[in-house]
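*Asks:* Before anything else, here's the structure in question.
The values are calculated or read from the model by the stated rules, or taken from the named source; none is laboratory data. Being a predicted model, the structure only gives us computed values, none of them experimental. When we count neighbours, we look across all protein chains shown, and the Cβ atoms used for this are built from the backbone with ideal geometry, even at glycine.
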Amino acid sequence: MTSAPGTRVVRFRSLDGAAVRAADWDRLARGVPFRSWAWTSHWWRHYGEGQDRHGDNRSLFTLGVVDPAGSLVGVAPWYVESSVAEGRVVRFLGTGEVCSDYLSVLCAPGMEDTVGAALADWLTAVHAPEADPLADRAHDRRDQDRWDLLELTGVDAEDTAVGRLAQELEGRGNTVHRRGGPSFWRVELPAGWDEYLGRLSKDHRKRVRRSERGVLASGRVAVHRAERLDELSEARDVLVDLHQRRRRSLGEPGCFASSRFAAFHRDVMADLLRSGQLHLRWLELDGRPIAAEYALAGDGVIYAYQSGVDPDALEHSPGRLSHIVMLREAIEQGYRAVDFLRGDEPYKPHWRARPRPGVEIRVVPDLAGARLRHGLWLVGTGMKDWIKGGLRMARG
């Protein structure tokens, strides 16, 4: 379909330009914390404009869709990274080591077709021959807005807005490749704790009951939560210490070894706490921290983002204790689900989490250089995987 008459696309070239629309941005994010203005804007401040550690240049490539009345009805929260090897690659804000999940084109309910068509028109028109190729404006746009690859990861396979955009781009002559991505793992919660326990396997239910009736009921365990800004620093320090110690005990550097990662979370946690989207807690056993959980909340879902346990307290199963506390509180507070996010770690099915398929989408414009780069990439990464995944399928 063609975009609706009067609908236009604007490109935000700076955070300041997008900040005036922050309230609309959050409205369109529909409560998913990884799509929120706080998450994406802090990510850009720490990972954005300028050169990354590989010397590649990044600039904001965020597009807004505005209806005839001037209301923002869609946002494509993207940036573009330029390199000699790959050209200009457009990706979601929040990608990379932060590992944001459930990324999407932000869209007002029922506007997926309109937003998808408007974005596809804009992206395709960037490379269309201009009536006056010598016009300064046409030259500037080709230079600043051109793209060689749209790479969308961290996407739910059932995401309608992204699927619709892919369909619209394909219909305009762009090549769309999609394949299955890592699954997201979600526990749909019942009304009560006992009902939830009844869903667990017999062996796992026994272990949970043993932990509840043993160490959790002993009076030796205290649960602490960061509920005010003046409590945030201590909670964050406990999380980082436990996470890093556990990962190092496994021979890994740990996420917070990255100074950018640590600084991003230091800043975004404060905003998430103010908006009520931060769930940061830790457990102490006999006065010593043994487990910490960093979760985000939105739209009735708790997203279990990061955790840490004391490697010297594994005999007490600190990870299990932390999950019991998180799941029990989520049910008591009326949340509809706990999401363990991407990754097929074996503990997730034990808690009756079910996989939600992810998808990775690559869109290549009808340009010789872009097609050549993509063809070389396919050869290098294994074309058979893409063929098995359905090369030109786009979910609507």
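*Asks:* Take the residues in segment 1-43 that are out of contact with any Asp or Glu (no Cβ under 8 Å at 6 or more places or on another chain) and among the hydroxyl-bearing types (S, T, Y); name whichever of them is surrounded by the fewest Cβ atoms within 10 Å (Cβ to Cβ).
*Replies:* Among those residues, the one meeting the criterion is S14.
*Asks:* Taking segment 298-326 as the search range and keeping residues that are touching a Phe, Trp or Tyr at 6+ places or on another chain (Cβ under 7 Å) and either farther than 19 Å from R247 by Cβ or among the acidic types (D, E) (or both), which one is surrounded by the fewest Cβ atoms within 10 Å (Cβ to Cβ)?
*Replies:* So the residue we want is G300.
*Asks:* Further question: Can you say whether E81 is among the charged types (D, E, K, R), surrounded by 19 or more Cβ atoms within 10 Å (Cβ to Cβ) and closer than 22 Å to W39 by Cβ, as far as the supplied structure shows?
*Replies:* yes
*Asks:* Moving on. What pairs come up if the first residue lies in segment 311-327 and is among the polar types (S, T, N, Q), the second is at pLDDT 95 or above, and their beta carbons are under 7 Å apart, counting only those six or more places apart or on different chains?
*Replies:* From residues that are among the polar types (S, T, N, Q), the pairs are S317/S211; S322/L283; S322/A291; S322/E293; S322/S307.
*Asks:* Residue pairs, Cβ under 7 Å, 6 or more apart or interchain, first in segment 188-206 and assigned by TED's automatic domain parsing to the domain that holds M326 and touching a residue at least 40 places away in the same chain (Cβ under 8 Å), second assigned to a loop (DSSP other than H, G, I, E, B) and among the aliphatic types (A, V, I, L, M). List them.
*Replies:* Final answer for the pair search is Y196/L189.
*Asks:* With a cut-off of at least 2 residues that are within 29 Å of G180 (Cβ to Cβ) and not small (G, A, S), name the strands (runs of 3 or more DSSP E) lying wholly within segment 232-346.
*Replies:* Of the strands (runs of 3 or more DSSP E) lying wholly inside segment 232-346, those with at least 2 residues that are within 29 Å of G180 (Cβ to Cβ) and not small (G, A, S) span 288-298, 301-309, 337-342.
*Asks:* Which residue is nearest to R281 (Cα to Cα), if the candidates are limited to segment 228-240 and must be of a type outside the set (K, R) and in contact (Cβ under 8 Å) with a residue 24 or more places away in the chain?
*Replies:* A235
*Asks:* Additional query: Since E332 meets every condition but one in (1) surrounded by 15 or more Cβ atoms within 10 Å (Cβ to Cβ); (2) touching a residue at least 60 places away in the same chain (Cβ under 8 Å); (3) among the charged types (D, E, K, R), which condition does it not meet?
*Replies:* (1)
*Asks:* Looking at I290 and the list (1) of a type in the set (V, I, T); (2) without any contact (Cβ under 8 Å) to a residue 60 or more places away in the chain; (3) not assigned by TED's automatic domain parsing to the domain that holds E234, which single condition is not satisfied?
*Replies:* Only one criterion is unmet by I290, namely (3).
*Asks:* On to the next question. Please determine whether any residue of segment 341-360 is out of contact with any Asp or Glu (no Cβ under 9 Å at 6 or more places or on another chain), buried (at least 19 other Cβ atoms within 10 Å of the Cβ), within 24 Å of D203 (Cα to Cα) and not assigned by TED's automatic domain parsing to the domain that holds R220.
*Replies:* Yes, segment 341-360 has at least one match.
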